[in-house]
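Trainee: Starting off with a structure, shown below.
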Amino acid sequence: MKDRIIIAIGGGEIKSKATLPIDGYVASLVKSHTDHRPMGLFIGTASHDSMPYFNSFRKTYTSVYDIKADCALICYNEMDMQKIADKITKADFIYVGGGDTVFMLDMWQKRGLDKLILDAYNNGTVVCGLSAGAICWFKNMYTDSESLTGNDKYNFYDGLGVIDGLCCPHYDDRKDDFDQGLLENGYKEGYGIENLSALVFKNEKLEGSLSCGGNSYLLRNNIGKIEKFKIDGINLQNIN
């Protein structure tokens, strides 16, 4: 039975290769789990299937790390679900891009993509994502959704529930509001992932953090006050 692995990246521009060391960790991890040239499947639902975003993914994972790249398009009915299911089956890892998290999960549920992705994850396909693609795996998420709510106010939403916890991406940009919201909404604890940082989970248990400039934190609500603990780092060269 393969380990179930999630790599949740708090933020950073893949186009400018700002997250390249973390992407390198992902690429090395995927290669260590395969005996062939691996294939990465980009899912850009949160950015409304942005092709420039996919091209940035391909320029990193194919041009730099020699991983084949493909994409799954669902927003405009460009691909039927059987074709997407076949792509997921063939993928050695899935990368979920950033954007509107709530819109993304709504689309996945309507088309049944959430079940396909979760089945792949449970069968050992490595999953990775940035921002929306990082927080969607958690039970609760701190994000905005202009597409569905008509405004860009940040709030707490339900995620896929793979990881039991609350998570905020871009934590260095949102920490004051997130910390206050955590207290006001009665959450006992949550994760804050800064830009250029990532959390690694193996079989739904936290392994540690990755950094190419940012940090990740566990925050605890201690009788109305936030306690903040920096999560220990994993060496970017340490692939298990």
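Values in this text are rule-based calculations from the coordinates and carry no lab data. Computed from a predicted model, the values in this text were never measured in an experiment. As a convention, Cβ positions derive from the backbone with ideal geometry for all residues, glycine included, and neighbour counts pool all protein chains shown.
Trainee: Being without any contact (Cβ under 8 Å) to a residue 60 or more places away in the chain and under 16 Å from F103 (Cβ atoms) is the filter here; which residues of region 26-47 pass it? Don't jump to the end; show me each part of the working.
Mentor: The first filter runs over region 26-47 and keeps only residues without any contact (Cβ under 8 Å) to a residue 60 or more places away in the chain, leaving 27, 31, 34-42, 44, 47.
Within region 26-47, G44, S47 qualify.
Trainee: Something else about it: Can you name every residue in region 1-26 that is of a type in the set (G, A, S) and surrounded by 22 or more Cβ atoms within 10 Å (Cβ to Cβ)? Spell out how you get there, then give the answer.
Mentor: Let us first name the residues in region 1-26 that are of a type in the set (G, A, S), namely 8, 10-12, 16, 18, 24.
Listed by number, the residues that qualify are A8, G10, G11, G12.
Trainee: Hey, among the residues in region 192-226 that are among the aliphatic types (A, V, I, L, M) and over 25 Å from Y121 (Cβ atoms), which one's farthest from the chain's Cα centre (by Cα)? I'd like the intermediate steps shown before the answer.
Mentor: Filtering region 192-226 for residues among the aliphatic types (A, V, I, L, M) gives 193, 196, 198-200, 206, 210, 218-219, 223, 226.
From the residues that got through so far, the ones that are over 25 Å from Y121 (Cβ atoms) too are 219, 223, 226.
Details: L219: 19, I223: 30, I226: 25 Å.
Only one residue fits best here, namely I223.
Trainee: Something else now. Looking at I74, I135, can you tell me which residue is within 18 Å of I22 (Cβ to Cβ) and aliphatic (A, V, I, L, M)? Full working, then the answer.
Mentor: Numbers: I74 fails: within 18 Å of I22 (Cβ to Cβ).
Step by step, each of I74, I135 is checked, and only I135 is within 18 Å of I22 (Cβ to Cβ) and aliphatic (A, V, I, L, M).
Trainee: Looking at region 207-228, which of its residues are surrounded by fewer than 17 Cβ atoms within 10 Å (Cβ to Cβ) and over 23 Å from L130 (Cβ atoms)?
Mentor: Answer for region 207-228, where residues must be surrounded by fewer than 17 Cβ atoms within 10 Å (Cβ to Cβ) and over 23 Å from L130 (Cβ atoms): R220, N222, I223, G224, K225, E227.
Trainee: Further question on the same structure: Among the residues of region 60-88, write down those that are outside any loop (DSSP other than H, G, I, E, B), free of Cβ contacts under 8 Å to residues at least 40 places away in the same chain and among the charged types (D, E, K, R).
Mentor: Initially, region 60-88 is screened for residues outside any loop (DSSP other than H, G, I, E, B), giving 60-61, 68-72, 81-88.
If we keep only those that are free of Cβ contacts under 8 Å to residues at least 40 places away in the same chain too, we end up with 61, 68-71, 81-86.
The answer is K68, D70, K83, D86.
Trainee: Next question. For region 89-148, which positions are in contact with a helix residue (DSSP H, G or I) (Cβ under 6 Å, 6 or more places away or on another chain), surrounded by fewer than 22 Cβ atoms within 10 Å (Cβ to Cβ), under 22 Å from V30 (Cα atoms) and touching a residue at least 60 places away in the same chain (Cβ under 8 Å)?
Mentor: Passing the criteria: only D92.
Trainee: Can you list the strands (runs of 3 or more DSSP E) lying wholly within region 116-216 that have 3 or more residues being touching a Ser or Thr at 6+ places or on another chain (Cβ under 8 Å)? Walk me through how you get there before you give the answer.
Mentor: Numbers: elements: 126-130, 138-145, 151-158, 163-168, 189-193, 197-202, 205-211.
Once the strands (runs of 3 or more DSSP E) in region 116-216 are filtered for at least 3 residues that are touching a Ser or Thr at 6+ places or on another chain (Cβ under 8 Å), what remains is 138-145, 151-158, 189-193, 197-202, 205-211.
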